[in-house]
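K.L.:
Below are the structure tokens for one structure; questions will follow.
The values are calculated or read from the model by the stated rules, or taken from the named source; none is laboratory data. All of these numbers come straight from a predicted model, not from anything done at the bench. Cβ: placed from backbone, ideal geometry, glycine included. Neighbour counts: every protein chain shown.
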Amino acid sequence: MKRLLIFCGVLLLCLQANTQPYLQSSAVDVSQDFKDFSNTYFFADSLASFDPATASGTISWKRYSLFARQAFNTTTVLPQPLKMLDFPETQYENDPQLRFSIDFISPVTVRLRVYTSPVILPEEESLMLTGTPPRDGSWTYKKGNGTHTYTGRGGSIVIREYPFSIMLCDERGREMTRTRHWADNDSTQIKVLPFQFIKRASDNIRSINPVFSLRPNEKIVGCGESPTALNKVGQKVHLFVTDPQSPEGDQMYKPIPFFISNKGYGMFMHTSAPVTCDFGATHAGSAKLFMADETLDLFLFWGKPAEIIDQYTNLTGKATMPPLWSFGTWMSRITYFSQEEGYEVARQLRQNRIPADVIHFDTGWFQTDWQCDYVFAPDRFPDAQKMINDLLADGFHISLWQLPYFTPKNKYFPELIEKGLYVKNEKGGLPYEDVVLDFSNPETVTWYQEKLEGLLKMGVGAIKVDFG
């Protein structure tokens, strides 16, 4: 009995140690859903139908389930074909055939869409795109032995009927990458789950996971403002907006679902849902793109990095060139509390011949530190306009800190609640302790613009969008 109690106690501790509570606003690891034994898995198996004229057709998806497999002292996971238990069984397909389509956007850009439901929702305006992507008619089609090939200026996209795969080739016909099929595991000890989607048992929601091959010595760059190593191969990257607190971790303010390979291709995942990119982290030969989205909407690019970026920004918009001074040195700390400090920093920079173009005032330019009210503290900045003019005359542009969070002690807290200008939870209340500006509301945008207008008229050159 004593041994049994000890065993139960140790087991309980182990279970507690493995229970990781989700902390608000921390990054979501989408790949965890693809390890759940209660979910149903569908593997892309074969091309069920295809129309070369429209470059669209259907994919046959084989139904699988995950099972534990014991091998001596090791337990692994192995999927097995599943005969569905859905009721009434005569009314549903065990292995569904679902649509996919290819659109040719430019001579070096293709849009691949794969659907996991028979219901295809109508297209809506996307905030991620500058407009409706154009269509290009320069691609040529060729039917092969079990393949369908479209060739453009930069290379080709090949659809293999069985085992189903979508392959990207360069202009010489060399394979750059392709989607993985379960048959790719025939001669391997480690079984990698292929291109798939899941149906969650908890809510019936579908999520898709295109799995592409990684070549030897392949390098991947991109994914936004990621502070980890430039080459993402070997990493698992969570594309989820967080407040990372420091550049030493793997979370980021500005994730972007876009990356480039040194093998001559790039990909833009057109989704605002959380994404986890496993670039060879769990299997050296596979790039797994776990998406919390039921539809795969993927733009594929061919070319050198500069050309790929040009094609990507043709779709998403090109940034306006910032002013020349913004590329200079910005001098700041947390925080300069007075115009006297601002003058002294400027004096020492010039006296010591340290090149600098911007002086940034962080959290301390308000009357109360961190309490954003868009007004210079009058006792510590008795003549803010003169300070700005003097520093501009000395070659310094002024940057000011602010944030969209208004604490209960902020004077704008009740006003923003009364006017309904804040981000709301599903019940209409506050999701946090603070009021957060809802920039999807045009009235909030107007309110915010009015607060910044006076500062910009004073000559302030930049506003730091912290905590966004």
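K.L.:
Output yes when any residue across segment 39-50 is over 30 Å from the mean Cα position of the chain (by Cα), modelled with pLDDT of 95 or more and closer than 30 Å to Glu171 by Cβ, and no when none is.
P.N.:
Scanning segment 39-50, I find at least one residue that is over 30 Å from the mean Cα position of the chain (by Cα), modelled with pLDDT of 95 or more and closer than 30 Å to Glu171 by Cβ, so the answer is yes.
K.L.:
Listed residues Gly234, Gly266; which is within 18 Å of the chain's Cα centre (by Cα), farther than 30 Å from Tyr64 by Cβ and either loosely packed, with under 15 Cβ neighbours inside 10 Å or at pLDDT 95 or above (or both)?
P.N.:
Result: Gly266 is the single residue among Gly234, Gly266 that is within 18 Å of the chain's Cα centre (by Cα), farther than 30 Å from Tyr64 by Cβ and either loosely packed, with under 15 Cβ neighbours inside 10 Å or at pLDDT 95 or above (or both).
K.L.:
Contact list please: Cβ distance under 9 Å, first residue in segment 368-390 and under 19 Å from Tyr405 (Cα atoms), second residue assigned to a loop (DSSP other than H, G, I, E, B) and among the charged types (D, E, K, R), pairs at least six apart or on different chains.
P.N.:
Qualifying pairs under 9 Å: Thr368/Lys409; Gln371/Lys409; Gln371/Lys411; Asp373/Lys411.
K.L.:
Being free of Cβ contacts under 8 Å to residues at least 40 places away in the same chain and crowded, with 22+ Cβ neighbours inside 10 Å is the requirement here; does Phe259 meet it?
P.N.:
yes
K.L.:
Can you say whether Ser207 is under 25 Å from the mean Cα position of the chain (by Cα), at pLDDT 95 or above, polar (S, T, N, Q) and under 17 Å from Phe290 (Cα atoms), as far as the supplied structure shows?
P.N.:
Answer is yes for this residue.
K.L.:
Give me the strands (runs of 3 or more DSSP E) completely within segment 131-184, filtered to those with at least 3 residues that are surrounded by 12 or more Cβ atoms within 10 Å (Cβ to Cβ) and touching a residue at least 24 places away in the same chain (Cβ under 8 Å), ordered by residue number.
P.N.:
Hits in segment 131-184: 155-160, 165-170, 175-178.
K.L.:
Another question, then. When only residues in segment 397-411 that are among the hydroxyl-bearing types (Ser, Thr, Tyr) and touching a residue at least 40 places away in the same chain (Cβ under 8 Å) count, which is surrounded by the most Cβ atoms within 10 Å (Cβ to Cβ)?
P.N.:
Restricting to residues being among the hydroxyl-bearing types (Ser, Thr, Tyr) and touching a residue at least 40 places away in the same chain (Cβ under 8 Å), the top hit is Ser399.
K.L.:
Of all residues in segment 415-452, which are under 23 Å from Gly364 (Cα atoms) and loosely packed, with under 11 Cβ neighbours inside 10 Å?
P.N.:
Matches in segment 415-452: Glu433, Gln449, Glu450.
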